[in-house]
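**Q** Here it is, the structure, as C-alpha cells.
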Amino acid sequence: MKISFSELPSSGLPKAPIVVFPVAEDKKFSSRLQAADKKSGGLIARAMNASRFAGKKGHYLSVPVPSALG
C-alpha cells in the first residue's frame, strides 16, 4: 500500500480514493474541510452530526462520497 500526503486543490476535493481531514473535539471545520463539505452538499457535516464522532484521539469518521464530487 502506498500512502502519500499532498496539499488539497483550491477547488475542494482531490481526485483520490481517500482523503483525511483532522477534526478536534470542538468539531470546527478547517477552511478546506468547509470547502469539501460545501462541494458534497453538506454530506460531511450531516454524517458527523448523525454519528458518535467526538474528535478525540483515536476517533475517526468514514464518509463515502460520490466519485462525481472529485
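The values are calculated or read from the model by the stated rules, or taken from the named source; none is laboratory data. These numbers were taken from a predicted model, which means no experiment stands behind them. In this analysis, Cβ positions are derived from the backbone assuming ideal geometry, glycine residues included, and neighbour counts consider all displayed protein chains. Areas reflect the complete protein model, heavy atoms only, side chains present, ligands, DNA and RNA absent. Shrake-Rupley method; radii C 1.70, N 1.55, O 1.52, S 1.80 Å.
**Q** Which pairs do you get when a residue that is under 20 Å from His59 (Cβ atoms), found in the range 27-45, comes within reach of a residue that is among the charged types (D, E, K, R) and open to solvent by less than 50 Å² (accessible area, probe 1.4 Å), reach meaning Cβ atoms under 9 angstrom, with the pair 6+ apart or on two chains?
**A** Close Cβ pairs satisfying both conditions: Phe29/Asp37; Leu43/Asp37; Ile44/Asp37; Ala45/Asp37.
**Q** When you scan the range 15-38, how many residues do you find that are at pLDDT 80 or above and either assigned to a loop (DSSP other than H, G, I, E, B) or open to solvent by 80 Å² or more (accessible area, probe 1.4 Å) (or both)?
**A** As a first pass, look at the range 15-38 and keep what is at pLDDT 80 or above: 21-38.
Within this subset, residues satisfying the condition of being either assigned to a loop (DSSP other than H, G, I, E, B) or open to solvent by 80 Å² or more (accessible area, probe 1.4 Å) (or both) are 21-32, 34, 38.
Summing the residues that are at pLDDT 80 or above and either assigned to a loop (DSSP other than H, G, I, E, B) or open to solvent by 80 Å² or more (accessible area, probe 1.4 Å) (or both) in the range 15-38 gives 14.
**Q** If you check Pro9 against the conditions, is it more than 13 Å from the chain's Cα centre (by Cα), modelled with pLDDT under 85 and open to solvent by less than 100 Å² (accessible area, probe 1.4 Å)? Show your work before the answer.
**A** Numbers: more than 13 Å from the chain's Cα centre (by Cα): yes; modelled with pLDDT under 85: yes; open to solvent by less than 100 Å² (accessible area, probe 1.4 Å): yes.
Criteria met by Pro9.
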